[in-house]
1. For region 85-93, does any single residue satisfy the condition of being under 22 Å from Ala197 (Cβ atoms) and either in contact with a helix residue (DSSP H, G or I) (Cβ under 6 Å, 6 or more places away or on another chain) or at pLDDT below 95 (or both)?
2. Just the residues that are under 24 Å from Asn252 (Cβ atoms), surrounded by 15 or more Cβ atoms within 10 Å (Cβ to Cβ) and among the β-branched types (Val, Ile, Thr), please, taken from region 130-179.
3. Could you check how many residues of region 52-74 are under 20 Å from Met28 (Cβ atoms) and touching a residue at least 60 places away in the same chain (Cβ under 8 Å)?
4. Which is at pLDDT below 95, among the hydrophobic types (A, V, I, L, M, F, W, C) and surrounded by 17 or more Cβ atoms within 10 Å (Cβ to Cβ), of Leu226, Leu249, Leu206, Leu200?
5. Cβ-Cβ distance below 6 Å, separation of 6 or more or different chains: which pairs start in region 129-155 with a residue that is basic (Lys, Arg) and end on one that is open to solvent by 10 Å² or more (accessible area, probe 1.4 Å) and assigned to a strand (DSSP E or B)?
6. Looking only at region 227-243, count how many residues are of a type in the set (Ser, Thr, Tyr) and under 10 Å from Pro29 (Cα atoms).
7. In the list Ser160, Ser56, Ser65, which residue meets the criterion of being hydroxyl-bearing (Ser, Thr, Tyr) and closer than 21 Å to Leu206 by Cα?
Amino acid sequence: MKPNEQAIGIFDSGLGGLTILRAVKKLMPKENIIYFGDTAHSPYGSKSKETVAEYSLNIAKFLESKKVKLILVACNTASALALPVLKRHIKAPVLGVIEPGAACAAKAAINKKVTVLGTEATVKSKEYIKNIKKLDKSIAVTQYACPLFVPIIEEGLAGSDICKLAIKRYLTPLKTDKADTVILGCTHYPVIKEDIAKFLGPKVTLVDSAEEIAKRAKEALLRAGLLKTCGKSSTQIYASDLSERFARLALNIIGGKKLKVKENRFYI
């Protein structure tokens with residue numbers, strides 16, 4: 001296999017990283033992709049730094065064994081807590097999701113106010129604040145943990161009354177912050193992006209980290225001369241606990257129609 005034909009590896013604690021897979025497929029349709037969802041250990045947002053680092057390193061080593069040319073850490077919690085460990089122990093280039101999202105938000109924040117929505121671990125890490133402040137110290141950053149969003153999405157309840165109540169519960173304080181830019185600081189959150197946008201109103205810009213890391217991935221592959229631009233593409237999706245529900249919800253996010261299931265993975 002030629003170097004540019006090697007797959008892009010993507011991993012997340014569960015379904016959320018599939019929003020990045022979707023963005024990568026849209027931006028680089030000829031690329032081969034291997035995705036790993038750690039559904040057996042989801043969610044990561046309430047776990048310790050040591051546990052998240054251990055899970056992330058094990059998955060990255062699995063992806064490296066598949067000869068991937070690039071690894072995208074599609075989990076904000078793992079990006080916040082495990083990225084330095086991965087870069088020390090993994091030979092393949094590794095990109096986290098936080099820095100691209102922070103850069104986009106800093107550029108978009110006209111009134112110099114940014115709000116971050118994330119898991120408890122991502123918020124506690126303050127990585128978004130650190131990255132935004134590196135770019136522009138004058139930007140005021142507020143953060144809100146939204147711990148129910150991930151299980152709601154993983155249960156297939158996006159768009160439900162329960163989901164809308166959770167959005168109202170968590171996001172009502174944002175209206176007093178008057179931030180014009182809000183970062184969806186968890187790759188699950190783009191699944192409910194429309195409902196969040198409707199609640200916050202048209203004057204608020206939502207930064208989708210999935211789209212931003214896909215752009216960075218393409219730039220990195222172009223610089224390395226590894227972008228795949230022709231031929232057929234393949235998508236393999238692994239899960240540490242592959243269930244019928246995971247496969248069904250995965251198809252809803254990615255937009256596929258057929259599955260070919262084999263052991264702990266399926267193909268689209």
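The values are calculated or read from the model by the stated rules, or taken from the named source; none is laboratory data. Keep in mind the model is a prediction, meaning the values are calculated, not measured. Here the Cβ positions follow ideal geometry from the backbone for every residue, glycine too, while neighbour counts run over all protein chains shown. Surface accessibility is based on the protein's heavy atoms, side chains included, excluding ligands, DNA and RNA. Shrake-Rupley method; radii C 1.70, N 1.55, O 1.52, S 1.80 Å.
1. no
2. Of everything in region 130-179, those that are under 24 Å from Asn252 (Cβ atoms), surrounded by 15 or more Cβ atoms within 10 Å (Cβ to Cβ) and among the β-branched types (Val, Ile, Thr) turn out to be Val150, Ile152, Ile153, Ile167.
3. 8
4. Of the residues listed, the single one that is at pLDDT below 95, among the hydrophobic types (A, V, I, L, M, F, W, C) and surrounded by 17 or more Cβ atoms within 10 Å (Cβ to Cβ) is Leu249.
5. If the second residue must be open to solvent by 10 Å² or more (accessible area, probe 1.4 Å) and assigned to a strand (DSSP E or B), no pairs are left.
6. 3
7. Ser160
Every residue, every condition in (1) crowded, with 24+ Cβ neighbours inside 10 Å; (2) farther than 23 Å from Val123 by Cβ, yes or no:
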site: Leu18; (1), (2): yes, no
site: Leu21; (1), (2): yes, yes
site: Ile33; (1), (2): no, yes
site: Lys87; (1), (2): no, no
